[in-house]
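Peer 1: Got a structure for you, written out below as structure tokens; questions coming shortly.
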Amino acid sequence: MILVLKIAAILLLSFVIVFACFKMVMKRLLSNHRFFATISKSFYNYFYSLKDLHHLRTNNFGYAPIDEDIAHYDPDLQYGIQLYKELVKNHHGYLIPEKSAVVEVGCGKGAGAEFLLKKFNPGTYTGIDFSEKAINFCNKTYKQIPNANFICADAHRLPVDHNSVDVVINVESSHLYKDQDKFFSGVHNILKAKGKFLFTDYRRVKNCSIDTLEKQISDCGFSITEKRIITPQVKNACMLASERRNRLVEMAAPRYLKKYFRHYAVLNGTKKSAMLANGEIIYFIYHLEKK
């Protein structure tokens with residue numbers, strides 16, 4: 001009997017230690033972008049394989065309000081696609097000329113690609129993502145579009161010819177990249193002279209200030225033609241979408257991951273939502289030009 005109790009105690013202690021380690025790892029995951037970058041490919045392959053989220057083809061924070069151009073989309077996609085629209089326009093109009101060569105780094109499941117292709121009719125569109133699941137989905141879903149091409153590749157090693165691209169787009173994925181300078185330099189390499197890099201994402205201020213980011217941008221050969229801080233609009237989108245996103249989390253996420261999926265979805269009441277509200281996270285749009 002004593003032996004059985006000892007074994008039970010050892011098993012219980014082991015479970016407590018494993019659970020504590022799991023919580024520590026997940027806490028580190030949520031607070032350290034470099035740690036998340038190490039395992040992010042596995043996370044996104046898992047995320048894109050969830051059957052209950054098959055229709056969810058955008059996974060950025062989003063932008064609100066939406067306009068008439070976006071209102072006909074599935075409500076789960078509207079705010080995410082509105083962010084794409086905001087990214088590619090300025091006070092003069094849109095920045096993707098018809099028949100231009102466009103590359104999107106971090107295309108995910110391609111809802112942004114579909115929007116760009118239908119609205120602007122680029123000559124070629126190449127979507128790049130490191131998730132095999134995302135690229136397989138895109139190749140099946142958009143195979144009827146003749147000028148679209150999707151490639152599984154790393155953002156640090158872009159498989160695109162030097163000086164061949166008019167516009168590069170990057171939506172809410174650069175914060176995961178281990179080597180920002182290598183990514184920016186790679187984008188600079190594939191752009192034509194005066195080519196445009198349209199870039200939207202967020203940074204935690206304590207990890208990377210806007211001044212630091214802009215120095216990286218300049219050092220890698222870009223000039224800033226326009227800059228917008230859109231944190232209020234992104235926060236508004238997260239707030240308005242919170243109820244719908246929470247239903248998706250409840251439906252699709254395993255019980256032991258629901259807390260972390262809520263954080264990832266920036267639901268009302270989560271730490272990330274609070275960080276948007278109090279200025280710890282800044283969300284931006286940059287329009288850059290190759291010097």
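We did not get these values from a lab; they are worked out from the coordinates using the rules stated. The structure presented is a predicted model; accordingly, all values stated were derived computationally and were not measured. Cβ coordinates were reconstructed from backbone atoms using ideal geometry, including for glycine residues, and neighbour counts include every protein chain displayed.
Peer 1: What does the charge count near Thr225 come to, summing +1 for each Lys or Arg and -1 for each Asp or Glu among other residues with Cβ under 14 Å from its Cβ?
Peer 2: Values: positive: Lys89, Lys194, Lys196, Lys227, Arg228, Lys290, Lys291; negative: Glu214, Glu226, Glu289.
Every neighbour counted, the sum reads +4.
Peer 1: Placing unit charges on C-beta atoms (Lys and Arg positive, Asp and Glu negative, everything else neutral), compute the dipole magnitude of region 210-283 about its Cα centre in debye, rounded to 20. Walk me through the numbers before you get to the answer.
Peer 2: Details: 13 positive and 7 negative charges, 116 e Å.
Magnitude of the dipole: close to 560 debye.
Peer 1: Let me ask something else about it. If you put +1 on each Lys and Arg Cβ and -1 on each Asp and Glu Cβ, how big is the dipole of the chain around its Cα centre, in Debye rounded to 20? Kindly include the intermediate steps, with their values, before the conclusion.
Peer 2: On the way: 41 positive and 27 negative charges, 204 e Å.
Dipole size: approximately 980 debye.
Peer 1: From the gyration tensor of the Cα coordinates in region 38-130, what semi-axes in whole Å does the equivalent ellipsoid have, largest first, with each one equal to sqrt(5λ)?
Peer 2: Details: eigenvalues 111, 59, 26 Å².
Rounded to whole Å, the semi-axes are 24, 17, 11.
Peer 1: Which loop-located chymotrypsin sites (Phe, Trp or Tyr not before Pro) does region 138-242 contain, where loop means any DSSP state but H, G, I, E or B and the Cβ has at most 12 other Cβ atoms within 10 Å?
Peer 2: Numbers: sites: Tyr142, Phe150, Tyr177, Phe183, Phe184, Phe197, Phe199, Tyr202, Phe222; in loops: Tyr142, Tyr177.
Answer by residue number: there is no such site.
Peer 1: For the chain, what ratio Rg/Rh do Cα atoms give with a Kirkwood hydrodynamic radius? It would help to have the intermediate numbers written out before the result.
Peer 2: Numbers: Rg = 20.5 Å, Rh = 20.1 Å.
Rg divided by Rh gives 1.02.
Peer 1: What lysines does Lys133 reach when the alpha-carbon gap must be under 16 Å and sequence neighbours fewer than 8 apart in one chain are set aside?
Peer 2: Within the straight-line limit of under 16 Å, Lys133 reaches these lysines: Lys41, Lys51, Lys109, Lys143.
Peer 1: Looking at Ala155, Ala241, Pro254, which one has the Cα that reaches farthest to the positive end of the dipole of region 148-291 (charges on Cβ: Lys, Arg +1; Asp, Glu -1)?
Peer 2: The Cα lying farthest towards the positive end belongs to Pro254.
Peer 1: Quick one: Debye curve from the alpha-carbon atoms of region 91-244 only, equal weights, vacuum; give me log10 I(q)/I(0) at q = 0.08, 0.09, 0.20 Å⁻¹ to two decimals.
Peer 2: -0.23, -0.30, -1.44
Peer 1: From the helices alone, meaning DSSP H stretches of at least four residues, give me the mean residue ellipticity at 222 nm for the chain, per-run term -39500 (n - 2.57), in deg cm²/dmol to the nearest 500.
Peer 2: Numbers: 10 runs with 135 residues, N = 291.
After summing the helix terms and dividing by the residues of the chain, the value is -15000 deg cm²/dmol.
Peer 1: Once you put a point 7 Å from the Cα of Cys208 and another 7 Å from the Cα of Lys182, both along the Cβ direction, what distance in nm separates them?
Peer 2: Label-label distance for Cys208 and Lys182, simple model: 1.4 nm.
Peer 1: In the neighborhood of Asn90, defined by Cβ-to-Cβ distances under 14 Å, what is the net charge if each Lys or Arg adds +1 and each Asp or Glu adds -1? Please report the intermediate quantities before stating the final value.
Peer 2: Details: positive: Lys85, Lys89, Lys196, Lys227, Arg228; negative: Glu86, Glu226, Glu289.
Here the count lands on +2.
Peer 1: Oh, and also: Anything over 24 Å Cα to Cα? Flag those among Lys206/Lys258; Lys140/Lys182; Lys178/Lys272; Lys140/Lys196; Lys119/Lys215, in the order listed. Intermediate values should be presented prior to the final figure.
Peer 2: Numbers: Lys206/Lys258 27 Å; Lys140/Lys182 31 Å; Lys178/Lys272 21 Å; Lys140/Lys196 29 Å; Lys119/Lys215 33 Å.
Pairs exceeding the cut-off: Lys206/Lys258; Lys140/Lys182; Lys140/Lys196; Lys119/Lys215.
Peer 1: Please identify which residues in region 209-234 have an amide N closer than 13 Å to a label point set 7 Å out from the Cα of His92, following the Cα→Cβ vector.
Peer 2: 225-226
Peer 1: Normalised by the number of residues in region 43-291, what is the relative contact order in percent for Cα pairs under 8 Å and 6+ residues apart? Mind dumping the intermediate values first?
Peer 2: Details: 437 pairs, mean separation 51.6, N = 249.
Dividing the mean separation by the residue count of region 43-291 yields 21 percent.
Peer 1: Please figure out what share of the DSSP beta bridges in the chain is antiparallel and state it in percent, rounded to the nearest 5. Please list the in-between numbers first.
Peer 2: Details: 18 of 38 bridges.
Restricted to the chain, the bridges split so that about 45 percent are antiparallel.
Peer 1: Let me have the relative contact order for region 221-271, percent, based on Cα pairs under 8 Å that are six or more residues apart. Don't jump to the answer; show the numbers that get you there.
Peer 2: Details: 24 pairs, mean separation 19.3, N = 51.
RCO, region 221-271: 38 percent.
Peer 1: Here is a further query. Would you work out which of Leu198, Phe130, Gly112 lies farthest towards the positive end of the dipole of the chain? Charges go on Cβ: Lys and Arg +1, Asp and Glu -1.
Peer 2: Toward the positive end, the furthest listed residue is Phe130.
Peer 1: Also: I need to check one value: relative contact order of region 65-189, counting alpha carbon pairs closer than 8 Å and at least 6 residues apart, in percent.
Peer 2: Values: 168 pairs, mean separation 29.2, N = 125.
This gives 23 percent for region 65-189.
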